[in-house]
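Take a look at the structure below.
The values are calculated or read from the model by the stated rules, or taken from the named source; none is laboratory data. Since this is a predicted model, take the numbers as computed values, not measurements. Here Cβ is always computed from backbone atoms with ideal geometry, including for glycine, and neighbour counts include all displayed protein chains.
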Amino acid sequence: MIIYIHGFGSSGRGSKITKFREYYNKKGIKLIAPSLSYVPELAIDTLEQLIKNCENPKLIGSSLGGFYAIYLANKYNLKAVLINPAVKATKTLLKYVEQGEMATNYYDLSRFEFNLKHLNMLKEYVVDNPNAKYLLMLQKGDEVLNYQDALNLLPNAELILEDGGNHSFEGIERYFKEIDKFLFEN
């Protein structure tokens, strides 16, 4: 089973996950994409329950979902595909705390508060020396994150690195076969 982990302010119903869901449905592979809480502790708890209750789980994480996938893959010795992962999530999300901004859920446009308590929860899931098997997918045109941060944290990961693109990873469907190969072969 594949567990898809969405990013900050996203949901299990975004456009990228829709492409993954269609692809894996055609292949008869079960994929689950829960809409996770913005509270890190609750999101991790949900994901750990899924991991513990499914056979041979594989992870795909995008942005903050990639941050969570690094932690979970490392803890449970799982394979994880990381799509423009927010490897410095606490630094990236600090702006919501410092500026007192409400965050937006991009799926339903609802607003939520991300505060210092939430940021401190994220610190519990930082992995300084990840040692699981990762496929790192980066586009240099990511307007939200510095792709170099992920390269520095995960120098031994299998790598797909493209010029251009964006934070959503334009054209992700071009790599579905490579993702399959990574997740399901050896």
In the stretch 141-186, residues that are in a helix (DSSP H, G or I), closer than 17 Å to Lys91 by Cβ and not hydroxyl-bearing (Ser, Thr, Tyr) total 6
| task | Could you tell me whether Lys117 is charged (D, E, K, R), under 26 Å from Met1 (Cβ atoms) and out of contact with any Cys (no Cβ under 8 Å at 6 or more places or on another chain)? | result | no
Of the conditions (1) of a type outside the set (Phe, Trp, Tyr); (2) modelled with pLDDT of 95 or more; (3) surrounded by 15 or more Cβ atoms within 10 Å (Cβ to Cβ), the single one that Asp45 does not satisfy is (3)
Across (1) exposed (fewer than 13 other Cβ atoms within 10 Å of the Cβ); (2) free of Cβ contacts under 8 Å to residues at least 12 places away in the same chain, Lys181 clears everything bar (1)
In the stretch 115-129, residues that are closer than 15 Å to Tyr68 by Cβ and surrounded by 12 or more Cβ atoms within 10 Å (Cβ to Cβ) total 7
All conditions in (1) at pLDDT 95 or above; (2) over 15 Å from the mean Cα position of the chain (by Cα); (3) among the polar types (S, T, N, Q) are true of Gln139 except (2)
Of the candidates Asn115, Asn84, the one satisfying the condition of being at pLDDT below 95 and either of a type in the set (S, T, N, Q) or farther than 24 Å from Ser168 by Cβ (or both) is Asn115
So, first residue farther than 9 Å from Gly9 by Cα in the stretch 92-110, second residue assigned to a loop (DSSP other than H, G, I, E, B) and of a type in the set (Ser, Thr, Tyr), Cβ within less than 8 Å, six or more apart or across chains; the pairs are Asp108/Ser11
Selection from the stretch 142-164 of residues surrounded by 13 or more Cβ atoms within 10 Å (Cβ to Cβ), of a type in the set (Gly, Ala, Ser) and more than 14 Å from Ser63 (Cα to Cα) yields Ala157
How many residues of the stretch 116-145 are without any contact (Cβ under 8 Å) to a residue 24 or more places away in the chain and farther than 23 Å from Asn77 by Cβ? The answer is 3
Filter the stretch 51-105 for residues that are of a type in the set (Gly, Ala, Ser) and out of contact with any strand residue (DSSP E or B) (no Cβ under 7 Å at 6 or more places or on another chain); the one that is surrounded by the fewest Cβ atoms within 10 Å (Cβ to Cβ) is Gly100
